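Reviewing the structure listed below.
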Amino acid sequence: MKSIGVFTSGGDAPGMNACVRSVVRNALYLGLDVYGIKYGYNGMIEGDIYKMKSYSVSNIVQRGGTILKSARSKAFLTEEGRKKAYEQLSRRGIEGLIAIGGDGTFTGANIFYEEYGIPIVGAPGTIDNDLYGSDYTIGFDTAVNTALDAIDKIRDTAISHDRVFFVEVMGRHSGYIAVHVGIGGGAELVMVPETSTTMKDVIETLRQGRNSQKTSHLIIVAEGEHQGNAHEVAERVRQELPDLDYRVSALGHIQRGGSPTSFDRILASRLGMAAVEGIIDGKKNVMVGVVDDKIVYTSFKIAISKTKPISEDLMRLSKVLSI
Ligand code: F6P
């Protein structure tokens with residue numbers, strides 16, 4: 001293999017830039033040509049592709065977002081779109097791809113590989129931490145720290161007014177961010193899609209808190225929670241406890257931005273190196289991950305179809321610490 005392309009796709013995540021940098025520099029170090037593909041699969045279809053040098057990735061290791069830009073491509077879902085993308089790559093002699101993104105990105109990569117046989121190695125980049133085959137995904141640690149910073153501030157005002165706060169955190173179908181900020185931020189309750197918290201549980205938590213002299217409460221609601229978003233959960237609680245003084249705060253896209261933590265920078269750099277070494281070594285149609293601090297490769301099919309369970313120990317810890 002002489003030439004590879006690298007792109008970021010789906011929701012951006014802090015540390016994607018560190019991964020792009022690592023891919024580019026590892027590829028150059030091993031004598032490959034590297035092309036940056038902008039706007040994910042959309043740029044692949046449109047030919048928004050440029051040759052990258054070592055200096056192309058200078059001064060980005062510390063930056064959030066992605067210099068390659070990102071998109072959730074509708075065009076790539078079509079056969080015609082994928083054909084155009086393949087032609088754009090062939091025209092430039094690009095023989096392999098490194099895809100940095102989440103489950104949508106790898107679903108597309110899997111189809112593309114099956115249709116055109118082009119080797120693709122994925123690096124997990126999503127704040128949701130929802131990919132099987134890696135203990136952590138690029139951006140998760142930064143998102144948790146960003147959310148925690150906000151929650152610490154919310155706690156100050158919650159305590160001052162003796163209020164209940166319902167705080168919604170991101171994670172589409174996954175409660176990883178919620179559980180981690182729940183433990184780190186001292187929440188009374190964490191509501192995640194992986195478990196079935198009832199409205200009775202929520203009300204019971206508030207009653208117990210009052211009985212044990214708590215004057216303010218923090219309830220973390222993952223955005224994919226079955227009982228609804230934080231506003232809906234709060235409204236349902238209010239119907240049962242009409243005098244409740246509560247506020248809702250949905251942290252939103254703030255969790256996707258900012259300078260990556262050292263953990264994310266190092267994870268991203270390791271995954272970038274392993275992705276390039278993997279593709280040179282003949283790996284195809286796989287996602288690289290870190291499991292028990294070791295580099296592992298998992299087929300895209302498994303990475304996107306298997307669910308990574310939330311640790312029962314963490315759920316238990318969160319419950320015990322909230323009494
Ligand atoms: O997958 C990352 C993520 O931030 C999810 O947590 C969230 O559900 C989704 O992306 C939001 O996507 P968008 O930025 O397209 O609204």
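The values are calculated or read from the model by the stated rules, or taken from the named source; none is laboratory data. Just so it is clear, the structure is predicted and the values come from calculations on it, not from any experiment. All Cβ positions, even for glycine, are placed from backbone atoms using ideal geometry, and neighbour counts span all protein chains on display. What goes into the accessible areas is simple: the full protein's heavy atoms, side chains included, and nothing from ligands, DNA or RNA. Shrake-Rupley method; radii C 1.70, N 1.55, O 1.52, S 1.80 Å.
Summary table
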| read-out | value |
| --- | --- |
| 222 nm mean residue ellipticity, helices alone, for the chain (DSSP H n ≥ 4; -39,500 (n - 2.57); rounded to 500) | -13500 deg cm²/dmol |
| Residue order for D264, D12, D48, D243 - accessible surface, 1.4 angstrom probe, largest first | D243, D48, D12, D264 |
| Whole-percent carbon and sulfur share, accessible surface of the chain, 1.4 Å | 49 |
| Theoretical FRET efficiency, 1/(1+(r/R0)^6), r = Cβ-Cβ of D201 and F263, R0 30 Å, to 0.05 | 0.40 |
| Hz values of 3J(HN,Hα) by residue in the stretch 166-171 - Karplus curve (6.51, -1.76, 1.60), Gly and Pro given as x | 9, 10, 9, 10, 6, x |
| Fraction of antiparallel bridges per DSSP, the chain only, in percent to nearest 5 | 25 |
| Amide proton proximity set for V286, modelled H, under 5 Å, gap of 5+ | I120, G122, F300 |
| Under the Karplus curve 6.51 cos²θ - 1.76 cosθ + 1.60, θ = phi - 60°, whole-Hz ³J(HN,Hα) for the stretch 52-59, x wherever Gly or Pro sits | 9, 10, 4, 5, 4, 10, 6, 6 |
| K308 accessible area, 1.4 Å probe, all protein chains in place, Å² to nearest 10 | 30 |
| For the stretch 199-210, Karplus couplings with θ = phi - 60° (6.51, -1.76, 1.60), whole Hz, Gly/Pro x | 5, 4, 4, 5, 5, 4, 4, 5, 5, 4, x, 4 |
| Gain upon complete extension [K83, N211; 0.36 nm per residue less C-alpha separation] | 39.7 nm |
| Net +/- balance of residues flanking E194 in space, Cβ distance below 11 Å, scoring K and R +1, D and E -1 | -2 |
| Charge dipole (the chain, unit charges on Cβ, about Cα centre) - positive-most of F300, I254, M16 | M16 |
| Global form of the stretch 141-256, assessed from the alpha-carbon gyration tensor, a/c cut-off 1.5 | oblate |
| Cα-centred dipole magnitude for the stretch 141-256, charges only on beta-carbon of K, R (+1) and D, E (-1), debye, nearest 20 | 120 |
| Computed accessible area, M273, all protein chains, 1.4 angstrom probe, square angstrom | 90 |
| Environment charge of V24, counting only residues whose C-beta is closer than 13 Å and scoring Lys/Arg +1, Asp/Glu -1 | +3 |
| Residues listed by number, the stretch 103-134, amide nitrogen under 16 Å from K294 label point at 7 Å toward C-beta | 133-134 |
| The chain shape via C-alpha gyration tensor axes, a/c threshold 1.5 | prolate |
| Area of K53 that stays accessible when all protein chains are in place (1.4 Å probe, Å², to 10) | 90 |
| Most fluctuating residue given options G104, G171, G31, as computed from a GNM of the chain linking Cα atoms under 10 Å | G31 |
| Computed magnitude of the charge dipole of the chain (debye, nearest 20; Cβ of K, R +1, Cβ of D, E -1) | 940 |
